[in-house]
Amino acid sequence: MDGKGLLSAAIGNNLENREEDVERVKSELSKRGYYTRQVENGIIDAESTNAIKEFQKDKGLRVDGVMMPDGETERAILADKTYDRTDRARRNQIVNN
C-alpha cells in the first residue's frame, strides 16, 4: 500500500482479503454507520460484505460487495468526509459504546 488508500489488494468474497485491508475498510464503514459490529478482526464476513454493498448502493456505485485498490468504492469512502454527521453513524456509535 502506498499510504494514500485503504487497500493493498482487492477485498470481497473469494478474493485475497488481506486482513489489514479488511480491518481498515470495516473501521471506515463503521465510522459511517454501515458496519455495525465492533471491528475485532480483518476477516471478510457477511456483515462486512453487506456493509460494502449498502455503501455502494447509497453512493450510486456498482453494487457487488467488492473493493479494488483505487477503485470507485475505495475512492468514494476516502472522499466521504460527512460520515460523523450522519444519523446512521450516530446510531452506530451508540450501539458500539
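The values are calculated or read from the model by the stated rules, or taken from the named source; none is laboratory data. Being a predicted model, the structure only gives us computed values, none of them experimental. Methodologically, a virtual Cβ is constructed for each residue, glycine included, from the backbone with ideal geometry; neighbour enumeration extends over all protein chains shown. Just so you know, the surface numbers come from the protein's heavy atoms only, side chains and all, with ligands and any DNA or RNA stripped out. Shrake-Rupley method; radii C 1.70, N 1.55, O 1.52, S 1.80 Å.
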Prolate/oblate/rounded call for the range 1-61, Cα gyration tensor, a/c under 1.5 rounded: rounded
Rounded accessible area of R37 (nearest 10 Å², 1.4 Å probe): 130 Å²
Where the range 1-72 is the region considered: accessible area per residue in Å², 1.4 Å probe: 55 Å²
Convex hull projection area averaged over all views, the range 35-80, Cα basis, nm²: 3.3 nm²
Solvent-accessible area, 1.4 Å probe, carbon plus sulfur percent, for the range 1-48: 39 percent
Spin-label pair N14/K81, simplified geometry with 7 Å Cα→Cβ offset, distance in nm: 3.9 nm
